[in-house]
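The values are calculated or read from the model by the stated rules, or taken from the named source; none is laboratory data. Computed from a predicted model, the values in this text were never measured in an experiment. What goes into the accessible areas is simple: the full protein's heavy atoms, side chains included, and nothing from ligands, DNA or RNA. Shrake-Rupley method; radii C 1.70, N 1.55, O 1.52, S 1.80 Å.
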Amino acid sequence: MSQWPSAKAKRVLAALLAIGWRIKRQSASHRTLARDGMPDYVFAFHDQEEIGPRMLSRIAKHTGLKPDDI
């Protein structure tokens, strides 16, 4: 079983903002997030969209997100 739960995109974005990411720019549902010392990350989900464990794991590899952050 995965250590990642499913979560709404709005909750995941809030967790990313809480760990130091900021919204650099936005075009519709595509938000470009920036953080010092890391490459930009494009978060392309609608707020009410459910993100599954596999996708959360992929997001974590690029952003440093941890299961405890959600």
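What the table below lists for this structure:
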| read-out | value |
| --- | --- |
| Residue-normalised accessible area of the chain, given per residue in Å² at a 1.4 Å probe | 65 Å² |
| Extension reserve of the residue 46-residue 23 stretch, reckoned as 0.36 nm per residue once the Cα distance is removed | 6.8 nm |
| Rh by Kirkwood over Cα pairs, then Stokes-Einstein D for the chain at 1.306 mPa s and 10 °C, µm²/s | 131 µm²/s |
| Accessible carbon and sulfur surface of the chain relative to its total accessible area, %, 1.4 Å | 50 percent |
| Gaussian network model of the chain, springs between alpha carbon atoms under 10 Å - residue of 22, 35, 54 with greatest fluctuation | 54 |
| Extension gain, residue 10 back to residue 54 (0.36 nm per residue minus Cα-Cα distance, nm) | 14.1 nm |
| In Hz, Karplus ³J(HN,Hα) per residue of segment 48-55 (6.51, -1.76, 1.60; θ = phi - 60°; x = Gly, Pro) | 8, 6, 8, 9, x, x, 5, 5 |
